[in-house]
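Please read the structure below before turning to the comments.
The values are calculated or read from the model by the stated rules, or taken from the named source; none is laboratory data. Worth saying up front: this structure is predicted, and the values here are computed from it rather than measured. Positions of Cβ are backbone-derived with ideal geometry, glycine not excepted, and every protein chain shown enters the neighbour counts.
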Amino acid sequence: MFKPKRWEEYRDFFQMIILRYLVLWFSIVPLIASFLSSINGPVHLSIGNEEIILNFSLPFTWQLLWLSSFFFVLAFAIYKVRCPSFIIKYHNYGDYQKYRHSHRWLVWEASFLLKKNIGIKKFTERLSEKKYLKELENRNSTCSSTPIVAEEFTYFDYKFEDKSYRLQLPLHPTEFDKNKLVDIEIFYEIYGRYSESNCIARWLIKTLLFLSLVFFLATFLEHIYSGMKFVSLWLNSFPFIHNLFS
């Protein structure tokens, strides 16, 4: 309950079309409010022999809706800046497959993750448990600045807690099915580490979205209250309803 959402959950949330209207409101509500504030009192219109009186006003406090939109826009901006590109690009392994990468490409993706020092401890522990990492005997081995491309595989060496490790793919150069299983598991290990990254940014987004929701609900309730007053007046225009409640 108190944990911030993972990045892919925020990605799915911000893709909801209806929420994009809060971004629109952020821009147009002050314009509407400025227009209405420039109109002093009701507007009298003459149509033929009849005079129509128009009262221009919003059925809610526009400042509340603007604040709701403001906090949403801030949360969305932080998401766009801080959400890892890996999460935005690949929704799942099916999306990754559409790019038709070779088995070697995950070594490059893992190297990007490791060089940013994102989730390196958990990544190393999980892949070591699954026997997808090779611990090098020479602990003083030099870390690779980029993956090394060999004839049958690509590998990347890195250090963690005074130990040296090598991630090498494809793990089984001649066995397609085994390589696919390895690819899937390593993909989701990379995905998981990115998804849990930037905890402060995810907390900030959650806080801003909560504030946005609070102000939106206040506006929504105010809107309902204003609407119910007009509905009440309309219902009272019927004699039998008026007599029923009088």
**OP:** Out of the residues in the stretch 169-206 that are under 16 Å from W105 (Cβ atoms) and in contact with an Asp or Glu (Cβ under 7 Å, 6 or more places away or on another chain), state the one that is surrounded by the most Cβ atoms within 10 Å (Cβ to Cβ).
**Re:** I190
Subject >> Elements of type helices (runs of 4 or more DSSP H) contained in the stretch 19-133, each with 2 or more residues being modelled with pLDDT under 65 and over 22 Å from the mean Cα position of the chain (by Cα) >> reply: 20-37
**OP:** For the stretch 133-168, enumerate the residues that are buried (at least 18 other Cβ atoms within 10 Å of the Cβ), hydroxyl-bearing (S, T, Y) and within 14 Å of H103 (Cα to Cα).
**Re:** T154
